[in-house]
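See structure below.
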Amino acid sequence: MGCCLSRPQDDDDEEESVRRDDIDNAVPRGGHKPFTKKGLTWEADSSITIRQLKNQRDAFWDTAPSYEGRLEIWQALRYACESEDLVFAQAILDSVNVTIPTGNLANGCYDELGNRYVIPVYCIVDPINLTKDEDDEGSSTTSDDMDAKLLSDQQATTSAPQHTVKIRLSNTARDIDIGVNLKTDTIAMLRRKICLHENLDFKTTHVRILFLGRVLEDKTKVADVKVEEGQVFQALITERILGDRSDSVLLL
């Protein structure tokens, strides 16, 4: 006479729950670790030039926002990945409330609404077989040189400020009001005015201006930034480490 065995329904439910937990554990969720590039390496199928890598990265950043996520988050992630200053990169990510469960953007990160963003490793670090383009040499103009020229042009302007903008400082978390001339003032001049207002040495202090998680270029006019009532600019204030020619900085 045959015998038919059966398992309690609770056992089936428990196994199903375990399987679901295994799936969930495969994707990092919750928690937050500082953004890092440490330990990330990759190799292209064949040697790749700086220009080719840039084109590959541009293609990703230009198309990724079309599929999912929020544009301002993608912009912040791009600036963070392209910055060699991890302190600055982390400040950008914090400004838009991005959390990284593992610290590695290639494993995924989340915005405050729960949207998930995964950045390919080729957008985070260079490959081990990266080669220089033949015409890379000869471009020696630094951002500091460009700043000096822009600021020199701005200092020739003597007209009185016509508008006041609110700036939130990263080093003190205070909000300050800065007067600007909407017809002439650029972001470069705004950076200079912040240093003067806070008695900071412009030659040794880096001030980067952000708005809605996006780093503003020096040549951008303040009037071209569409600021609505109640919105503020963010000023990330950093100091270069003396004797270090890299982009490493200390957050004030």
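For segment 6-29, the criterion of a residue being modelled with pLDDT of 90 or more, of a type in the set (Ser, Thr, Tyr) and assigned to a loop (DSSP other than H, G, I, E, B) is satisfied by no position.
Residues that are of a type in the set (S, T, N, Q), surrounded by fewer than 18 Cβ atoms within 10 Å (Cβ to Cβ) and over 24 Å from Leu169 (Cβ atoms): does segment 76-98 have at least one?
Applying the first criterion (of a type in the set (S, T, N, Q)) to segment 76-98 yields 83, 90, 95, 97.
Add one more test, that the residue is surrounded by fewer than 18 Cβ atoms within 10 Å (Cβ to Cβ), and what stays is 97.
Now drop any that are not over 24 Å from Leu169 (Cβ atoms), which leaves none.
Within segment 76-98 (the criterion being of a type in the set (S, T, N, Q), surrounded by fewer than 18 Cβ atoms within 10 Å (Cβ to Cβ) and over 24 Å from Leu169 (Cβ atoms)), the answer is no, since none of the residues qualifies.
How do the helices (runs of 4 or more DSSP H) wholly within segment 41-112 filter down when requiring 2 or more residues that are under 15 Å from the mean Cα position of the chain (by Cα) and β-branched (Val, Ile, Thr): which remain? Full working, then the answer.
Working: elements: 50-63, 71-82, 86-95.
Here the list reads 86-95.
The values are calculated or read from the model by the stated rules, or taken from the named source; none is laboratory data. Since the model is a prediction, treat every value here as computed from it, not as a measurement. All Cβ positions, even for glycine, are placed from backbone atoms using ideal geometry, and neighbour counts span all protein chains on display.
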